[in-house]
Amino acid sequence: MIIETSGLRKSFRSRAGRETKTVEAVRGVDLSVAEGEIFGFLGPNGAGKTTTLRMLATLLEPDGGTAVIAGADLRKEPGEVRRRIGYVAQGGSTWDESTGREELVLHARMYGISKADAQRRATEALDTFELAEYADRRCKTYSGGQRRRVDIALGIIHSPKVVFLDEPTTGLDPQSRAHMWGEVRKLREMGMTVFLTTHYLDEADALCDRLAIMDHGQIVAEGTPADLKQEVLGDVVSVNAREVAKAADLFDNAEYVRKVETTEQSLRLYVEDGASAIPHVLRTLDAEGVSIEGIELHRPSLDDVFLAKTGRSLRES
Amino acid sequence: MKFLRDTWLVFQRQMQLLLRNPVWVAVGIIQPLFYLLLFAPLMKQALSAGGPMTDEQAYRIFVPGMLVMVALFSAFSGFGIIAELRAGVIERNRVTPVSRVALLLGRSLRDVVQLLFQAVLVTLLAVPFGLRVAVGDALLAYLLIGLMTLLLSSTGYALGLTLRSEDAMAPMLNTVIQPIMLLAGIFLPLTFAPQWLKNVANVNPFKWATDGVRALFAGNPGDDAVWQALAILTPLTVLALFISSRTFAKSVR
C-alpha cells in the first residue's frame, strides 16, 4: 500500500461573534491506497475531503491518527513525505506575471533539482501537457484549462510517487474536463499513484479505479465504482405510468424486487438483475391492465449509493 | 548550504518579477521628489526660526527623515503576500521541501534591495539641492535603513499571512504606521518637542533609527545615536525574522 492512514482526525475552531465553535472536519479516516491506482474521494462540499488531502500533503497538521505515504511517516518525517508527493491545489497555483516555464523550473528547483535538469524537466512537462506553445507567455494569458494543466505539471515536475489532486476539474468547461480526465490517466500511465477528490459523480465513476465516499468527516463506503453500486442496489428498472400508486402496490410482494420507490410519474424498482426482471415486470403490469408510457433499465449511479449510505442525494447536498 | 540555495532561489524569482514591472522605480523617484521640492523649503524656513540655516544643514536633517519614511513603508509588503496567498503560490511553495526561512528571507531581501536602490536615488536627488555626505557615512546609514526594511517587511509578511485580507491589513497598517512616523521625528526633529512627547517617542525604535541616520548624515559616525540605533534594530530584526518565518511554516489558510 502506498498510502495507509489510520484514525486521521482534524477539527477547527471557528469563531462566530463571541462564540467559538469546534467543527470536526475529519473524524477518523482509515484508508489504504494501492500503488498505481487512481483513488477518488467522493463527497459533497464540506465533507472533509480537502482537509484530509491537505493533511496528507503536509499542509495541515493532523490532531490525531497516523499516515504513511510512499514509505514515509507523515507525522515524523514530513520533509521526506514532501519529497515523494506532488500536490495540486483546487484554486490554482500560478502567478499571473510569471510564464509557465518559469514556474515549472523554479518549482522543480525547490525540490533541490539542478538548474539544467529543472529546465529539461520543464520542457518535457510542457510537451506532455500540450503547453509548449504557451510556455513563454505569462500565466495571466492562459485559459482556465491551460492554467489547470500547468498546475498539474507543477505537481509532478519532480516525479513524485503519489500525486494529490484537489477537485481537478472544478470550474472547467465540459471539453476541458474531458481533456483533464485524459491527463489524469496519463499520470497513472507514467507510474504515479493518483489521489483525487471530486464532487462529480460521473468523474468518480469514469476516472477512479477505487473510491471512498465521504460524508461529515467520515468514510461511509469504499470500493471500486462497480462494486459499490452492485453491493448496494443491483439494477434499477424505472417505469413511467399514469397510475403510479396502483402500479407500485403490484410489486410489494414480488420476490425479485428488493425495494420500490415512487416519484410523481415513475416507479423505481430496485432488482438484482435487471435483464431478467423486465419480462416479469411487464407481465405483471399487463395482467392488471396498467398501461405504461415507458420502461427503462439502468445501472444504479453512485448517487444511488450515496443516497443509500447517507439518506441524502449527492446532487442535493 | 540548502538554506542559502533556497533563499537565493526565492530571491532570484522575486527580483525577476520586480524588474519585469518597473513602475515602482518611477513611483520611488516621484514620491521623494515631491517631498524634496514641496516640503523641504518649508521645513528649512521653519527650522531657521531657531537660527539661520544653510541648505546643506537643512537637507542633512531632512533626507535621513525621508529615508526612514520610505523604509517604514516596506511594511506594506504584506499586501503582496496576500496576493500570492490568494494565487496559491505560497501553498505551492509550502508543499515542497524548501526552507521556510528562505521563503521569507528571499522575499525580504528583495525588499531590501529595492529600498536601498530607492535610498541611493533619494540621496543623489538631494545632492543638487545642496546635500553633502561622506560615502562611508552614507553606507553605514544604508545599513541601518536596510535593517529597518528587513524588520518591517518581514513583519508585513507575518501580518499579511495572518490577516489574509487587504481590507483588514490597510486600516491596521495605517493605524500603526502613522504614530510611528510622527513619533520618529521624520519631518521635524523631536528636539522641538515638549518633554512628554519626547518621553513617548523614546519607546519608538524608529526614533532611535532616525537619530542614528541623522548623526551619520551630519558626519558624526562616532555619535552614540549610531551604535544605539544598531543595538536596537538588530535584535528586533532577528525577532521579526524568527516570528515571520514561523508564520510561513504554519498552516496558511
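Annotations
- Surrounding net charge for B:Asp223, when Lys and Arg each add one and Asp and Glu each subtract one, Cβ distance under 11 Å: -2
- Karplus-derived HN-Hα couplings along segment A:261-270 (A = 6.51, B = -1.76, C = 1.60, θ = phi - 60°), whole Hz, x at Gly and Pro: 10, 10, 10, 4, 10, 9, 10, 10, 10, 8
- This model, with +1 at the C-beta of Lys and Arg and -1 at the C-beta of Asp and Glu, gives segment B:1-115 a dipole about its Cα centre of some 560 debye.
- When each of the peptides B:143-156, A:65-78, B:93-106 is scored by how many other beta carbons lie within 10 Å of its residues on average, the order from highest to lowest is B:143-156, B:93-106, A:65-78.
- Segment A:17-33 - phi-based ³J(HN,Hα) in whole Hz, Karplus 6.51/-1.76/1.60, Gly and Pro as x: x, 9, 7, 9, 10, 9, 10, 7, 6, 10, 10, x, 9, 10, 9, 9, 10
- Neighbouring Cβ atoms from other chains, within 10 Å of the Cβ of residues in A:103-114, number 4 on average.
- The amide H of A:Leu314, built 1.01 Å from its N in the peptide plane, has A:Leu307 as neighbours under 5 Å, considering only residues 5 or more places off or on other chains.
- For A:Thr262, residues with placed amide H under 5 Å, excluding near neighbours: A:Arg268
- Per residue of B:83-95, other chain Cβ atoms within 10 Å of the residue Cβ number 6 on average.
- Shielding by partners, peptide B:96-102 (average Cβ within 10 angstrom, other chains): 5
- Counted charge near A:Gly217, where neighbours are those whose Cβ lies closer than 12 Å (Asp, Glu -1; Lys, Arg +1): +1
- Only helices enter the 222 nm calculation for chain B: every DSSP H run of n ≥ 4 contributes -39,500 (n - 2.57), and dividing by all residues gives -25500 deg cm²/dmol, rounded to 500.
- Scalar couplings 3J(HN,Hα) for segment B:109-116, obtained by applying the Karplus form with A = 6.51, B = -1.76, C = 1.60 to θ = phi - 60°, are 5, 4, 4, 5, 4, 4, 5, 5 Hz; x denotes Gly and Pro.
- Computed helical MRE - 222 nm, chain A, DSSP H runs ≥ 4 contributing -39500 (n - 2.57), nearest 500: -10500 deg cm²/dmol
- Distance from segment B:84-112 to segment A:208-247 (C-alpha centre basis), Å: 45
- Crossing angle, helix B:23-34 versus chain B [Cα axis fit, 0-90 degrees, rounded to tens]: 20
- Measuring between their Cα centroids, segment B:186-209 and segment B:20-67 lie 19 Å from each other.
- Within the shell defined by Cβ-Cβ distances under 14 Å, the residues around A:Asn253 carry a net charge of -2, with Lys and Arg each +1 and Asp and Glu each -1.
- For segment A:3-224, the dipole from Cβ point charges (+1 on Lys and Arg, -1 on Asp and Glu) about the Cα centre works out to 720 debye, to the nearest 20.
- Percent antiparallel among DSSP beta bridges (both partners in segment A:3-224, rounded to 5): 60
- Put simply, the amide H of A:Leu211, placed in the peptide plane, has neighbours under 5 Å in A:Gly40, A:Gly223, A:Thr224, leaving out anything fewer than 5 places away on its chain.
Each reported figure results from applying straightforward, stated rules to the coordinates on display, with no laboratory input. As the structure is a prediction and not an experimental result, all values here were calculated from the model. Cβ coordinates were reconstructed from backbone atoms using ideal geometry, including for glycine residues, and neighbour counts include every protein chain displayed.
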